[in-house]
Structures are given as structure tokens and as C-alpha cells.
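Here it is: the structure, laid out below.
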Amino acid sequence: MILTMLAIFLAHVLLGLPLFIALLVTALSGFLFVDPSMILRMMPQQFFGGIDVFSLMAIPLFILAGNLMNASGLTERLMGLARLMVGHLRGGMGHVNVVSSVFFAGVNGSAVADTSALGSLLVPAMEKEGYSRAFAAGLTAGSSLIGPIIPPSIFMILYASLTNTSVGDLFLAGIVPGLLLGVAFMAMNAWYAWRHRLPKSGRLPRPRELGVAFVAALPALVAPFIIVAGIVLGLVTPTESGALTALYVALCGAVLGGLRLRHCWQAIKDTARLTSTIFLIMAASATISWLLSYAQVPAQFVSLLTPYIDHAVIILLLLSAITFVTGMFMEEVSALMLLTPIFAPVAMMAGIDPVHLGVIITLNITIALITPPLGACVFVAAAVSRLEIVSLFRTIWPFVLMALGVLLLLILFPGLTLWLPHVVG
């Protein structure tokens, strides 16, 4: 049954059908195998039930906050601060790219939005500094992986809704891995700058200049603390935190003069467009997830991994390998929704902390965003940098390997992920 459903799904994707339709047709074929009488009764119920989760309302609100941040000019303020902090170093614009991604990750939580917002500004600037356009676009796509790891994270919210894990703990657990990704990509950029003898650009900023830039960017820097502190301290739910963040960014944009009514309307339209796409995919994926659970596929999967159940590291390596390969050929939200209900029981039996598992799955799914042949961030980076997609796919592999190195580090040393939640908790 599983192989037949997989073949049907791949066939419909190759035919160019919208992804949620391909998923629904796949679910329909699965119901025909299991029990055709449940089609009219269970498919609609699971389709709507998959998105009838209150915590999922946080997703459009965080997306809206990121869109409002771009429209209000706060993103440029963050980039200005990053330029003063690291722009004077050799390969400064590459470092600015990574640090800007760290800052931007604290509001949006979307790698694709990060690539689109920063790529159009930073790729030309890096090219002027002596970078090849392909490396500049690759670094932009690679550093965008920080977005879904540092809170808020759309993928972590989805994982929490599927496993009843604390969103606050997941957000805290993502901070150190996100910063590790940033350090890894900055090291890679420093090596590139040294190898190609890129000149130092600019000068060491005066404390006053740095202070002025910090004050200018402070309204944007406060947003991540509102998100994390509110959830961790139990003051707000993730959904309320998203609403509060969107309202805060809108007020900051209006007060600082960069946000107009037409900008708000465009941000709302962009948010509705992206949210509808995500939720349709989630609903269709939830239908398949329920069907797989009904057919006891997770139990069968657990039985296959039983010989390794006492070795948590081996289990995580196997789950990561499956997730990595799946993410190469399937849209990321779908992969997360389909794999999490199967993987969670295995991890529980192996004694793996669900928060640790959530970060590992999230990073795996995120790496798929820059992995050929379907990496969405690579397509966006190619579009904003006006590069051939094949050329960028050849350049992106070192960034994939760097991210996989960070993933391996997190698997071998769970304390890197769990330290901050335990300290705060």
C-alpha cells in the first residue's frame, strides 16, 4: 500500500498538479486500499481536523509580523546594525548576510521569506565586494536556514501541534543551534574571503556610530524577546504572541514613519496567500497521516527499528537520513506532517527527549529547503540573483554539508539543544 501511494504521489507531482491535490489523491488511493466506505466520512473530517488547531493560528500572525517588518523599513535598520558590527572585517558583506539572517529570524521564522527579503539587497552588495554571484546567492540561501531554527519557527509550531510538546521549550531549544549555524556559515564565509583575498571594506565603527545604529534597530531587536519571553513565562500562548508581535511591529512602523496603509494591505494579502498555501498542504497531509496511523504504519516502522532501540544516536541518525532524503523530494510542511507521527513513537521508545527530536526534525526539514532538486530557497535565491538554477545547485552543496555538520553535532551532543530549556525551566 505504502509503495503504491508513494508512486501515485510522485506521478501527480511530476504531472504538475498542485501539491495539496496530489496529496489528496494519494490519500484517496490509500482509503481505497484500507476501507473505501470511510472516504466520504473520514476524509473531510481529517482534512478540516488537521488545521482545526488553535496553536496553528500563530503561523499567519508570525508571517504577517515578518511582512510588516519588511514593509516598515525595520529590516533595513537591522541590516545597518549588522553592517556596522561585522562589515569592517574581511569578507564583511558575507558576514553581514549571516548576521542579518540571525536578526531577521527572530521575527519571521520563514527561510523563504528571509531569502527573498535579504537576497535582493545583499547579493548585489556582495558581488561589488568581489564575491562570485553564485557564492553570494548560496550564502544567502544557506544562512536563511537560521530562520526556522531561531524562534519563532513555523516548523516548530507544527511539530508541537502534532506531539503536544511545549512550544516555549522548542523555541528555547532552537536558539543555540541557530547561533551554531550562524557561526558555521560565518566561518565558511571567512575562509572564502581569505582564499580569494577579498579586501577589507570600511573601518572599525566608532562607539557612537554603533550606539546610534543599535538604538535605530532596537524596536526590531525587541520583537524576539517579546515572542520568547511571553511564551516561556506563560504570559501568552503562541497565537497571542504572534498577534502581539504583529501589532507591535505595525505600531513601530507607523510611529517611525515607514509603514503606510497600502503597505499594511499588501502585507495582509501576501500573508493570506502564503498561509492558504501552507494550510491546504497541512490539511491534505493530516489526512494521509491519519490514514497511515489507522493502517498501523508507525507500529510497523517501530518494529523495523527495534534492534537499535537502545541506541539513541543510531536512531536519530536513521531518522535524520530518512527525513533528509524525503525532504529532497517532498514539500517541507508535508514531510514534517507525514514523518513526525511515525517518528515520535520510535523516539519515545528510545528515550529521546521530544524537544531534542523536534529540533533535529526541524533542522532536517529546513536543510531540505536548500537541497536539490526541490529546495525552495535555492529557487528564490536564483530568482533574486538572476542565476541559472543549475549553476546555483552546483554551488549550494558546501552549504548543505556545513548544515549537516551542525546537525551531526546536535545529535552527538543533545546538551547543546536541551541546555537552555533546562536552565530556564
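The values are calculated or read from the model by the stated rules, or taken from the named source; none is laboratory data. Owing to the predicted nature of the structure, the values given are computational and were not obtained by experimental measurement. Don't worry about glycine lacking a Cβ; one is built from the backbone with ideal geometry, like all the others, and counts go over all protein chains shown.
If a residue has to be in contact with a Phe, Trp or Tyr (Cβ under 9 Å, 6 or more places away or on another chain) and buried (at least 18 other Cβ atoms within 10 Å of the Cβ) to count, how many in segment 367-390 make the cut? Full working, then the answer.
In the first step, residues of segment 367-390 are kept if they are in contact with a Phe, Trp or Tyr (Cβ under 9 Å, 6 or more places away or on another chain); the result is 367-368, 370-375, 378, 382, 389.
Filter once more, keeping what is buried (at least 18 other Cβ atoms within 10 Å of the Cβ): 367-368, 370-371, 375, 378, 382.
Number satisfying all stated conditions: 7.
Give the residues of segment 249-297 that are of a type in the set (Ser, Thr, Tyr) and surrounded by fewer than 19 Cβ atoms within 10 Å (Cβ to Cβ), sorted by residue number.
First, pick out the residues of segment 249-297 that are of a type in the set (Ser, Thr, Tyr): 271, 275-277, 285, 287, 289, 293-294.
Once the filter is applied, which keeps residues that are of a type in the set (Ser, Thr, Tyr) and surrounded by fewer than 19 Cβ atoms within 10 Å (Cβ to Cβ), segment 249-297 yields 275, 276, 277, 293, 294.
Now for a separate question. Assess whether residue 254 counts as being in a helix (DSSP H, G or I), among the aliphatic types (A, V, I, L, M), at pLDDT 85 or above and farther than 22 Å from residue 410 by Cβ. Even if it seems obvious, please write down each step before you answer.
Details: in a helix (DSSP H, G or I): yes; among the aliphatic types (A, V, I, L, M): yes; at pLDDT 85 or above: yes; farther than 22 Å from residue 410 by Cβ: yes.
Here the answer is yes, as residue 254 does meet what is asked.
Scan segment 293-320 for residues that are under 19 Å from residue 331 (Cα atoms) and touching a Pro at 6+ places or on another chain (Cβ under 7 Å) and jot them down. Please lay out each step first, then the result.
Here is the first cut: in segment 293-320, the ones under 19 Å from residue 331 (Cα atoms) are 319-320.
Listed by number, the list is empty, since nothing qualifies.
Can you report the number of residues in segment 45-70 which are closer than 21 Å to residue 97 by Cβ and at pLDDT 80 or above?
Looking only at that region, the number is 3.
Of the numbered conditions (1) in contact (Cβ under 8 Å) with a residue 60 or more places away in the chain; (2) hydrophobic (A, V, I, L, M, F, W, C); (3) in a helix (DSSP H, G or I), residue 259 satisfies every one except a single condition; which is it?
(3)
Still on this structure, please answer the following. Here are 363, 404, 369, 387: which of them is touching a Cys at 6+ places or on another chain (Cβ under 7 Å), under 20 Å from residue 112 (Cα atoms) and not β-branched (Val, Ile, Thr)? Show your work before the answer.
Details: 363 fails: touching a Cys at 6+ places or on another chain (Cβ under 7 Å); 404 fails: touching a Cys at 6+ places or on another chain (Cβ under 7 Å); 387 fails: touching a Cys at 6+ places or on another chain (Cβ under 7 Å).
Only one candidate passes the filter, namely 369.
I need the full set of residues from segment 21-40 which are more than 34 Å from the chain's Cα centre (by Cα) and aromatic (Phe, Trp, Tyr), in order please.
33
Moving to a separate point now. Could you identify the single residue in 400, 355 that is at pLDDT 90 or above, touching a Ser or Thr at 6+ places or on another chain (Cβ under 9 Å) and over 26 Å from residue 304 (Cα atoms)? Spell out how you get there, then give the answer.
Values: 355 fails: over 26 Å from residue 304 (Cα atoms).
After applying the criteria, what remains is 400.
Could you check how many residues of segment 281-299 are of a type in the set (S, T, N, Q), farther than 19 Å from residue 17 by Cα and in contact with a helix residue (DSSP H, G or I) (Cβ under 9 Å, 6 or more places away or on another chain)?
Taking segment 281-299 first, the residues of a type in the set (S, T, N, Q) are 285, 287, 289, 293, 296.
Next cut, farther than 19 Å from residue 17 by Cα only: 289, 293, 296.
Subsequent filtering for residues that are in contact with a helix residue (DSSP H, G or I) (Cβ under 9 Å, 6 or more places away or on another chain) retains 289, 293.
Total meeting the criteria: 2.
So, residue 61, is that one touching a residue at least 60 places away in the same chain (Cβ under 8 Å), buried (at least 24 other Cβ atoms within 10 Å of the Cβ) and either assigned to a helix (DSSP H, G or I) or in contact with a Pro (Cβ under 9 Å, 6 or more places away or on another chain) (or both) or not?
Details: touching a residue at least 60 places away in the same chain (Cβ under 8 Å): yes; buried (at least 24 other Cβ atoms within 10 Å of the Cβ): no; either assigned to a helix (DSSP H, G or I) or in contact with a Pro (Cβ under 9 Å, 6 or more places away or on another chain) (or both): yes.
So residue 61 does not fit the description; no.
A further question follows. Among the listed residues 320, 276, 303, identify the single one that is part of a helix (DSSP H, G or I) and more than 25 Å from the chain's Cα centre (by Cα).
Numbers: 320 fails: more than 25 Å from the chain's Cα centre (by Cα); 276 fails: more than 25 Å from the chain's Cα centre (by Cα).
Sole residue among the options that is part of a helix (DSSP H, G or I) and more than 25 Å from the chain's Cα centre (by Cα): 303.
For segment 146-165, name all the residues that are at pLDDT 90 or above and buried (at least 24 other Cβ atoms within 10 Å of the Cβ).
Of everything in segment 146-165, those that are at pLDDT 90 or above and buried (at least 24 other Cβ atoms within 10 Å of the Cβ) turn out to be 146, 149, 150, 156, 159, 160.
Here is a list: 393, 399. Which entry is free of Cβ contacts under 8 Å to residues at least 24 places away in the same chain and either crowded, with 24+ Cβ neighbours inside 10 Å or not polar (S, T, N, Q) (or both)? Steps first, answer last, please.
Working: 399 fails: free of Cβ contacts under 8 Å to residues at least 24 places away in the same chain.
Selected residue: 393, the only one of 393, 399 that is free of Cβ contacts under 8 Å to residues at least 24 places away in the same chain and either crowded, with 24+ Cβ neighbours inside 10 Å or not polar (S, T, N, Q) (or both).
Same structure again: Could you count how many residues in segment 205-220 are crowded, with 16+ Cβ neighbours inside 10 Å and either in contact with a strand residue (DSSP E or B) (Cβ under 9 Å, 6 or more places away or on another chain) or modelled with pLDDT of 85 or more (or both)?
Kept after step one, since they are crowded, with 16+ Cβ neighbours inside 10 Å, are these residues of segment 205-220: 205, 213, 216-217, 219-220.
If we keep only those that are either in contact with a strand residue (DSSP E or B) (Cβ under 9 Å, 6 or more places away or on another chain) or modelled with pLDDT of 85 or more (or both) too, we end up with 213, 216-217, 219.
Number satisfying all stated conditions: 4.
Those residues that are β-branched (Val, Ile, Thr) and touching a residue at least 60 places away in the same chain (Cβ under 8 Å), I need them from segment 87-123; list them, please.
Restricting attention to segment 87-123, the residues satisfying the condition of being β-branched (Val, Ile, Thr) are 96, 98-99, 102, 107, 112, 115, 123.
Those that are β-branched (Val, Ile, Thr) and touching a residue at least 60 places away in the same chain (Cβ under 8 Å): 98, 99, 102, 107, 112, 115, 123.
Moving on to the next point. Name the one entry in 93, 79 that is more than 21 Å from the chain's Cα centre (by Cα) and either surrounded by 24 or more Cβ atoms within 10 Å (Cβ to Cβ) or in a helix (DSSP H, G or I) (or both).
Details: 79 fails: more than 21 Å from the chain's Cα centre (by Cα).
Step by step, each of 93, 79 is checked, and only 93 is more than 21 Å from the chain's Cα centre (by Cα) and either surrounded by 24 or more Cβ atoms within 10 Å (Cβ to Cβ) or in a helix (DSSP H, G or I) (or both).
Sort through 168, 174 and tell me the only one that's surrounded by 20 or more Cβ atoms within 10 Å (Cβ to Cβ), closer than 22 Å to residue 368 by Cα and not β-branched (Val, Ile, Thr).
174
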